[in-house]
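Data block below; observations after.
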DNA sequence: CGAGCAGTTGATCATTATCAAAGACGGTGG
DNA sequence: CCACCGTCTTTGATAATGATCAACTGCTCG
C-alpha cells in the first residue's frame, strides 16, 4: 500500500513488488500513469502522513519542502490577507496533487479542513524522480491544466454569481468530489460556515441566510451539523446557475 | 525568426540553423528551454499568424486544433454565460502559451483584444513533439503552475477586492505585462470599459466611476482614449490593496 | 449545569448594479 | 477641413444585494 517512514531504503525491494497496490486514489492520482517498477521507485521516496483537522502542512512564503497526493479528507489552499482575514483560493480533495514543485516558494498555506491522509514526498527527491520519469511530468501537466480549468470556473463563480448561486455551487462540488453520499442524498460538508464564506467571498451571515433560503425552498434539507440533504438535485443545479 | 508557411519542409534545414533566433518572446516563452536543434525541429511544425482585433482563434466547446505562443498583442480567454453576456476568465500576453493540449476540448474562446501575432502549432503535431522532448513538457508544466498561481491571485481579486482595488490591480497588471510604457508612464490599455468590466466582475459604469475617482485622487491621468498615465505609482499600488 | 462557540435571524448601512441621459471620441463622406 | 453619425464613455438617480453590527438559539464539552 505504501512505505512506512520507518522502513529503510532498499531493504524491502524484493518483498514488496507493488507497494501502492491497495492505494485508494492510485487511479485518480498522478501515480496512475506509472508502471509497477516506477511505483516501487516512487513509493520508496514517499511516506503516508495523517493530519488532524486544522493542521497546516505547508506555509505561505516558506520554502515548500513537500509535495504529495491527498488520500483522504479535504484541505484548503489559502493566504492571509493584510486585514488578517483568511482567503481561501482552492480546495484539495482525494486524488489531488498538492504542493508546489519546481522553483518558487509556496504562495499559499495548505491546511486540513478535516482529518486527512496524504502520501507525501520530499520536494527535491520528487523533482529528481520526475526528471527521470517523463510520464510523471506529463501526468502533472495534465493535472495542472485541469486545475487551471477548475480555477477558472471559480473565477466565474466569484465574478458573477449571487450568494445563493455560490452556495448551491459549492454544495454540488462537494457532493461530486466527495462522491458517495450517505442514504437520503446526504452530504457532509467538511467546512464551517465561516470557511464557506472565505471560499465563496461572502460574509458568514450571508452563507447562513442562503442555506435557510434553499431550505425554505425545499431544495435542501438541514438535518443538523454540517450535513446537507439534497432534496431536489435538478433544482439545486438550476440554483447553481450558469 | 520563424518559418513561413510557404517554406517547404526540409528544404531550408541547412540555410536556417536557428529559425527562431530573432523571436521577441523566445526567452520568455516555453521555447526558451530548447536547444538549437530542438528549435529547428519545432519551428518546422509552426507558423506565424496575425489576428485582427476581435478575431477569435479558438471556440468554446470546439475541438481545439491549435496551440501556440503569443508574440504580440493581448488576447482574452472567455466563455459565454447563459444570459448571453461574456465572461472573461483570463488574459494572454506576449510570451504566454495558449490553447489546450492533451485531452479535453477547449472550454474557452480565445479572442484577440487588439491586433496580435502568434506562433501556432497543430495540436496533434505539438503533442507528438512534446512527447519526444521532455524539456518542453517540463516548461509547459512550470508555466501551467504559474498560470494557476495567477488565476488564484485573480480569485482573491474577485472574491474580496472593491471596485477601485480591482481597477487599480488591472492597470498594474497591464503595466507590468506590457512592460515598456510610453514617456510620462503612460500605459495603453488593450480593452474597452465593457471588457474591463467583464474581466473584473463589475458593471461598466462602476469601472468608469473607479477611473474617475482614481483620476480625481491624482493617482492616474486620463489623457484620452485607452491611455492611462500613472502619476503616483506608490499610491496606485496602495489602491490595488492586499 | 453552565460556559463557550457555531450558527441563525434581524436591522441597518454601504457598495455596486441597473436604468437613463448627456457628453466625447473616432471614422466617414461631403 | 469640417460636419455628422454611431459608438464608447461619463455622470446621475434609484434600487438591489450583500456586509456589518447585534441579539439570540442550540449544541458540545467540561
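Odds and ends about this structure:
- Listing B:193, A:164 from fewest to most neighbouring C-beta atoms within 10 Å gives B:193, A:164.
- Taking the empirical scaling 2.2 N^0.38 Å for compact globular proteins as reference, the protein assembly as shown has a Cα radius of gyration ratio of 1.04.
- Size descriptor, Kirkwood hydrodynamic radius, that averages inverse alpha-carbon separations across chain B, Å: 19.3 Å
- Computed over chain A, the per-residue total of -39500 (n - 2.57) for DSSP H runs of n ≥ 4 gives a 222 nm mean residue ellipticity of -11500 deg cm²/dmol, rounded to 500.
- Other copies of residue A:226: label-to-label distances in nm, shortest first, labels 7 Å along the beta-carbon direction: 4.5
- Calculated on the Cα set of the range A:39-172, radius of gyration then Dmax: 15.7, 48 Å.
- Here is how far apart the residue B:56 label points are across copies: 4.4 nm, shortest first, using a point 7 Å from Cα toward Cβ.
- Cα-based helix-to-principal-axis angle, B:204-216 vs chain B, degrees rounded to 10: 70 degrees
- The range A:52-108 and the range B:163-242 have Cα centres lying 32 Å from one another.
- Stokes-Einstein D for the range B:123-242, Kirkwood Rh over Cα pairs, 4 °C, 1.567 mPa s (µm²/s): 81 µm²/s
- Candidates B:72, B:87, B:152, ranked by Gaussian network fluctuation over chain B, Cα under 10 Å, top entry: B:152
- Between A:112, A:131, A:92, the GNM of chain A built on Cα springs shorter than 10 angstrom shows A:131 fluctuating the most.
- Other protein chain Cβ atoms within 10 Å, averaged over every residue that makes up B:131-141: 4
- Sorted shortest first, the separations between the residue B:81 label point and its copies elsewhere in the assembly read 2.1 nm; each point sits 7 Å from Cα along the Cα-to-Cβ line.
- Gyration tensor (alpha-carbon) shape descriptor, the range A:130-184, a/c threshold 1.5: oblate
Coordinate-derived values only; no laboratory data. Because the structure is a prediction, the values reported are computed rather than measured. A quick note on method: Cβ atoms are made from the backbone with ideal geometry, for glycine too, and the neighbour counts reach across all protein chains shown.
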